[in-house]
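These notes are about the structure you will find just below.
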Amino acid sequence: MNPKKYLEVSKEVAEALAENRPVVALESTIISHGMPYPQNVETACKVENIIREAGAVPATIAIISGKLKAGLSKEEIEHLGKCGSDVPKASRRDIPVLLAKGSDGATTVTTTMMIASMAGIRIFATGGIGGVHRGAETTMDISADLEELAMTPVMVVCAGAKSILDLGLTLEYLETKGVPVIGYQTEELPAFYTRKSGFKVDYRLDTPEELAKTFHVKEELGLKGGMLVANPIPEEYSMDPATIHGAIEQALSECKASGIHGKETTPFLLAKVKELTGGDSLDSNIQLVFNNARLAAKTAVSLCELKKQ
Ligand code: PSU
Ligand code: MN
């Protein structure tokens, strides 16, 4: 077994890790599949800057020419953004084929966690995670993201999950798998575009230091799996619940009517919601990613302090 043979960590990220300096992983499905060009590239670069300003090193993760990469160049980010959904969306099951072919891949939460963990990165900031889809009792559509959270020791900072999913069942699944779900300064699971969902998180923590300490304890205990931090979208960018609810219902019925299934489901629903809500949802989406990057970077700084002790 020689997984490192397929891993390429950028010089900047490798040096930071070797010196116990804070690093934050970022995913690339959000670049290729989550936003239109050129906003996707602008956002990806700006997120990296936000992480730097908060004192950490960004490591955008993707599969490029058959290599698992942690830390991308500007040119590689531009390439992923320009090619958009022509870059295959890569979950755990896609990795062997993409690597054997020498192909590119846009990493989801699942594969970003896997590559981050291989590289030694412990914190990852994104927008929203995948979960149990509505109607999963008949379709069995449950994102591999939940299994990865159960297995791989990376903290994922997100803005909750969109209610294209069944949020209640998603929380049940995470509970069964032993994944702590932490609300950042909230008792309620945020629903991506909105700060509230009607579902309670397991615990509320109020500072990056508390998040870092909790993750540190989990690591010291040697418990497998990750931790999910749900950070609500800033008030000024949150959307009107009725607008977003209507768009999601319509997207779900169009998805069902067109017989979309498998890995196409999430991108279809995300694109449809975006189309139905216009530019507003894109702006909210960008802002919540910035907000998560800031919190992840501060937490990474605090986690490195704890490691020194
Ligand atoms: N949910 C979002 N935005 C996203 C995704 C999910 O609100 O960009 C992406 C993430 O990359 C996530 C993936 O890991 O979709 C989940 O896809 P699936 O449901 O096919 O596992
Ligand atoms: Mn799925």
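The condition of being farther than 30 Å from K308 by Cα and either crowded, with 22+ Cβ neighbours inside 10 Å or among the basic types (K, R) (or both) holds for only one of Y193, Y173, that being Y193.
Output the number of residues of region 259-286 satisfying the condition of being more than 22 Å from S28 (Cα to Cα) and either within 16 Å of ligand 2 (Cβ to nearest atom) or within 17 Å of the chain's Cα centre (by Cα) (or both). Residues that pass the stated criteria total 2. For region 1-38, filtering for residues that are at pLDDT below 95 and of a type in the set (S, T, N, Q) leaves 1.
Residue pairs whose Cβ atoms lie under 8 Å apart, separated by 6 or more positions or on different chains, with the first residue in region 123-149 and touching a residue at least 24 places away in the same chain (Cβ under 8 Å) and near ligand 1 (Cβ under 7 Å from one of its atoms) and the second among the charged types (D, E, K, R) and part of a helix (DSSP H, G or I), are I129/D145; G130/D145; A144/R92; A144/R93.
If only residues of region 192-206 that are part of a strand (DSSP E or B) and among the charged types (D, E, K, R) are counted, the one that is farthest from V157 (Cα to Cα) is K200. Contact map, region 157-181: first residue modelled with pLDDT of 95 or more and more than 16 Å from ligand 2 (Cβ to nearest atom), second residue in a loop (DSSP other than H, G, I, E, B) and among the hydroxyl-bearing types (S, T, Y), Cβ cut-off under 6 Å, separation 6 or more or different chains; pairs are C158/T126. Counting only residues that are surrounded by fewer than 15 Cβ atoms within 10 Å (Cβ to Cβ) and within 11 Å of ligand 1 (Cβ to nearest atom), region 257-274 holds 3 of them.
The values are calculated or read from the model by the stated rules, or taken from the named source; none is laboratory data. Because the structure is predicted, anything quoted here is derived from the model rather than measured. Positions of Cβ are generated from backbone atoms using ideal geometry, with glycine treated the same way; all protein chains shown enter the neighbour counts.
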